[in-house]
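Notes follow once the structure below has been shown.
The values are calculated or read from the model by the stated rules, or taken from the named source; none is laboratory data. Quick caveat: nothing in here was measured; it's all calculated off a predicted structure. Cβ coordinates were reconstructed from backbone atoms using ideal geometry, including for glycine residues, and neighbour counts include every protein chain displayed. The protein model used for the area step is the full one, side chains on, heavy atoms only, and it has no ligands, DNA or RNA in it. Shrake-Rupley method; radii C 1.70, N 1.55, O 1.52, S 1.80 Å.
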Amino acid sequence: MRILSGIQPTGDIHIGNYLGAIKQWLLLQEKNECVFFIADLHSLTVPFDPKILQKSITEKIISYIAVGLDPEKSIIFVQSQIKEHAELAWILNTLCPVGELERMTQYKEKSKKFKDNINAGLLDYPVLMAADILLYKTDAVPVGKDQTQHVELTRTLAKKFNQKFGKTFVEPKAILPKFGSKIMSLTNPKKKMSKTDNPQSYISLFDTPENIQKKIMASTTDSGKQIKYDLTKKPGVSNLLTIYSLLTDKPIKELEKKFKDKGYADLKKSLAKTVIEFLEPFRKKQKELVTRDVYIKEILSRGKNRAQTIAQTTMQEIKEKVGLV
Ligand code: AQP
């Protein structure tokens, strides 16, 4: 199968991104043809600082390698370096009803969050995402729950294109982790953990042990004392148990037993220790990689060439089918 996924260079990559998306990438890269990119064009749709964007893109590439993506196995590149993404997005725009875009949950949420910057790109984000996916004739897209609506739209656009211009695209499916497809914010467990929120609300993959400890100890829990998984009555505790379970591979039931006669502070202390130990190898690798400029540039240059070959071939076929050549 060909697999594709990406992350925007907004804020720090957090454990939600890891557990929802990256953890699946690591497994999938072993037996599939994988394409992983930095979605920098997408990140222009929310407020950003041009002075730090380049640095942020490089940081994300370093993060990819630090967590275990293997440039020998996977194609790793930066979206804006392959102009065909934008080119295909334009063609797909002409197949996409505006109403479909207006009902997208992410568009509604981000329009609320960035009231002063509701730009056309924000509305059009899912079409660019469809172009990212279809350009590589992707079979499956490993993502967190928040992105499934966009993958669904991609399937619709693929079908429409195929009907109008002849069979060209596979209708890609989203791959979600069975558990942990939506990790919640530490400060508001009713909201998704998000890179562009307050840093107290997420744990970055490269946070210092002190910061991890502080953030988990200060995380919002629920009324009552019992440590029990209950999404309605105890969303805070349930979120902490979810993270704990995913990082240790221990079932929730076993964790409930472990903390049966303990309080929230015990759960938090133990979770902080677990998270710190889990992330330690990532932090070490990241520190090493920031000094290896040439190596990172080589990865990107190779990734760009490999991605370009596929993208140009698909685009040529699309243009012929649409009648543009
Ligand atoms: N809280 C989450 N739980 C599980 N998976 C998540 N993902 C994001 N948040 C969670 C998945 O991570 C991948 C990369 O996300 P993105 O960079 O494309 O942006 P996003 O989905 O909008 O994620 P963020 O962290 O909330 O970033 P900002 O704040 O920039 O919007 C995706 O596969 C996503 O599903």
field: Taking all pairs of distinct alpha-carbon atoms in region 41-189, Kirkwood radius in angstrom
entry: 17.0
task: Mind checking the full-extension length gain between residue 116 and residue 188? Use 0.36 nm per residue of separation minus the Cα-Cα distance, one decimal, nm.
output: 23.6 nm
On Cα atoms only, tilt of 148-165 relative to the major axis of the chain in degrees: 10
- line: By the mean-Cβ-within-10 Å protection proxy, highest first, 301-311, 134-144 rank as 134-144, 301-311
statement: Computed over the chain: longest principal axis from alpha-carbon atoms vs helix 84-93 long axis, angle to nearest 10 degrees, is 80
- prompt: Heavy-atom accessible area per residue, region 174-241, 1.4 Å probe: how many Å²?
  reply: 50
statement: Ordering 14-25, 46-57, 243-254 by per-residue average of other C-beta atoms within 10 angstrom, highest first, gives 14-25, 243-254, 46-57
Rg and Dmax [Cα atoms of region 206-287; Å; Rg one decimal, Dmax integer]: 13.0, 41
field: Full-stretch length increase - residue 214, residue 305 - with 0.36 nm per residue and alpha-carbon distance subtracted
entry: 28.5 nm
statement: Relative contact order as a percentage, the chain, C-alpha pairs under 8 Å and 6+ apart, gives 22
task: Leaving ligands, DNA and RNA out of it, report the carbon-plus-sulfur percent of the accessible area of region 206-287 at a 1.4 Å probe.
output: 53
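When the helix-only estimate is applied to the chain (DSSP H runs of n ≥ 4, each -39,500 (n - 2.57), divided by the residue count), what is the mean residue ellipticity at 222 nm, nearest 500 deg cm²/dmol? Spell out each step's value before the answer.
Values: 13 runs with 172 residues, N = 325.
Mean residue ellipticity, 222 nm, calculated: -17000 deg cm²/dmol.
Which whole-number percent of Cα pairs in the chain have a distance greater than 28 Å?
Here the tail beyond 28 Å accounts for 43 percent of pairs.
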message: How large is the Rg to Rh ratio of region 1-87 when both quantities use alpha carbon positions and Rh follows Kirkwood?
response: 0.96
field: Cα centroid separation, region 1-57 to region 187-206 (Å)
entry: 16
query: Given 20 °C and 1.002 mPa s, how large is the Stokes-Einstein diffusion coefficient of region 182-325 in µm²/s, with Rh as the Kirkwood radius over Cα pairs?
result: 118
message: Given contacts defined as C-alpha pairs under 8 Å and at least six residues apart, what's the relative contact order of region 1-109, whole-number percent?
response: 32
